[in-house]
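Beneath this line is the structure, given in structure tokens, with notes to follow.
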Amino acid sequence: MSVYPYIVAGWMMVVGLFGIGRSRNLIHMILCLSVVQSSTYVLLLAVGFRRDATAPVFQGIAPWRRAVDPIVQALTLTDVVVEATVVALMLALAVDAHKRFGTLDPQDLRPQRG
Amino acid sequence: MKPAHRVAIMLAACAGLLGWYVWGVAGLPDFGDTVSVTGTTILHAFAGERHTTNAVTTIVFDYRGMDTLGEELILFISVVAVTLLLRERRDESEDISPEAERAESHPRGSDAVRALGVATVGVTVLLGLYVVTHGQLSPGGGFQGGVILAAAFMAIYAAGNFVVLRRMGPADWMEPVEAAGAAGLALLALGGLLAGGAFFHNFLPPGPVPSTIISGGTIPLDNVAVGIEVFGAMTLLAAEFLNEAGIARVRGRSQDDEG
């Protein structure tokens, strides 16, 4: 039994979370969050993988060839798009925080009023 | 809270999460031996039903089109939110002064970067259009192609300068483009409801076999709509962040002058 892809996914998630917890810079924190999100791609694609299988795109390939699970690939596509929007939104929030407080250190941010 | 406490709590939470994760993974099939009933069914059926060759795009824009509409609206709404956030605190009176604009219009970066920028714009647009229109046949589709098209915009930025882009005003006319793309996908889904009684019903004939770029019924049209939306959204994002950077840069420069 091979479990390495699952170990990689779990490791990426925990390392990313640890980075978020330790972060002293909002940009760094956002990148750590994207590492956490990337772990879900690894996990999804690992779940759908089949040995000796081709990609589920049959251009120039016989249609009876064994292919990996296309559903998790479609889910990963959704995942990637959502990650991109989350990162964009959080970067905009970081710009806003820097304008309000003059710092990107999350530990120096005060609660926002009004 | 002290950083040390924060890290201790974090480590405990990560350890707990890892425990749950290991417990969950232990219940998964062995890596490489997965047989998904739904996935296998779709793999056997999609080429005959939709005359496409890319199973992933066929799932994204046909079998699970509903999810894609939700995903696309997430993209749409977050880009609107970014635009609001960045514009809210940008004072209109901070319009670029003529002097600042003149200083800004000096070419930046090396000649090599600018030459490469000019050279890549056309190729990038062509590649983007290819990826959008061949989504149902080969790897790609509206999301990927839209991002490539938006990269052409970044190539213009690398090739020219900031003022050229401000004159083009992408931040203004990209909003309607983005909205039109989002509305396009929703209307195609609605067309399925009107024609076949189900939201996202593929109401067009599946097209010729072997597959061409018009195969797949509504899938190519969905891809074009999403391509337009993603192109608009990504360009708008880039334009808003570049505006932000430009204003910060000019403001920093005027502060330097005063100091």
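Structural remarks
- Test: residue in segment A:50-63 that is on the phi > 0 side of the Ramachandran plot and outside any helix (DSSP H, G or I): yes
- Only residues that are at pLDDT 90 or above and either facing another protein chain (nearest Cβ under 9 Å) or outside any helix (DSSP H, G or I) (or both) were counted in segment A:21-31, giving 1.
- Consider segment B:138-172 and keep the residues that are modelled with pLDDT under 80 and β-branched (Val, Ile, Thr). The one that is nearest to B:ALA55 (Cα to Cα) is B:VAL164.
- No other residue among B:ASP67, B:ASP30 is charged (D, E, K, R), loosely packed, with under 15 Cβ neighbours inside 10 Å and on the phi < 0 side of the Ramachandran plot apart from B:ASP30.
- One residue from B:VAL35, B:VAL22, B:VAL79, B:VAL7 being within 18 Å of A:GLN73 (Cβ to Cβ) and aliphatic (A, V, I, L, M): B:VAL35
- Residue under evaluation B:SER110, criteria (1) more than 8 Å from every other protein chain (Cβ to nearest Cβ); (2) more than 30 Å from the chain's Cα centre (by Cα); (3) at pLDDT below 85, criterion not met: (2)
- Residue within segment A:101-113 that is in a helix (DSSP H, G or I) and hydroxyl-bearing (Ser, Thr, Tyr) present: no
- Some residue of segment A:53-66 being out of contact with any Phe, Trp or Tyr (no Cβ under 9 Å at 6 or more places or on another chain), of a type in the set (A, V, I, L, M) and within 27 Å of B:VAL80 (Cα to Cα): no
- Conditions (1) among the charged types (D, E, K, R); (2) facing another protein chain (nearest Cβ under 9 Å); (3) surrounded by fewer than 19 Cβ atoms within 10 Å (Cβ to Cβ): number failed by A:ASP105: (2)
- Any hit, segment B:196-217, residues being in a helix (DSSP H, G or I) and modelled with pLDDT under 90: yes
- Condition check for A:ALA92: at pLDDT 85 or above, at the interface with chain B (Cβ under 8 Å from one of its Cβ atoms), buried (at least 18 other Cβ atoms within 10 Å of the Cβ) and closer than 30 Å to B:ILE59 by Cβ: no
Conditions tested, residue by residue: (1) of a type in the set (Lys, Arg); (2) closer than 30 Å to B:LEU69 by Cα; (3) in contact with a strand residue (DSSP E or B) (Cβ under 6 Å, 6 or more places away or on another chain); (4) buried (at least 17 other Cβ atoms within 10 Å of the Cβ).
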position	(1), (2), (3), (4)
A:PRO5	no, no, no, yes
A:MET12	no, yes, no, yes
A:ILE30	no, yes, no, yes
A:TYR41	no, yes, no, yes
A:ALA62	no, no, no, no
A:ARG65	yes, no, yes, no
A:VAL68	no, yes, yes, yes
A:VAL72	no, yes, no, yes
A:PHE101	no, no, no, no
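- Residue check for B:GLN136: within 14 Å of chain A (Cβ to nearest Cβ), outside any helix (DSSP H, G or I) and not aromatic (Phe, Trp, Tyr): yes
- Between A:PHE58, A:PHE49, the distinction of being over 14 Å from the mean Cα position of the chain (by Cα) and buried (at least 18 other Cβ atoms within 10 Å of the Cβ) belongs to A:PHE58 only.
- Any hit, segment A:77-84, residues being among the small types (Gly, Ala, Ser), over 27 Å from B:ARG64 (Cα atoms) and at the interface with chain B (Cβ under 9 Å from one of its Cβ atoms): no
- Positions within segment A:45-61 being facing chain B (nearest Cβ under 7 Å) and within 19 Å of A:LEU75 (Cβ to Cβ), in sequence order: A:ALA46, A:VAL47, A:GLY48, A:PHE49, A:ARG50, A:PRO56, A:VAL57
The values are calculated or read from the model by the stated rules, or taken from the named source; none is laboratory data. Note that the structure is predicted; figures quoted are calculated from it, not measured. With ideal geometry, Cβ positions are generated from the backbone for all residues, glycine too; neighbour counts draw on all protein chains shown.
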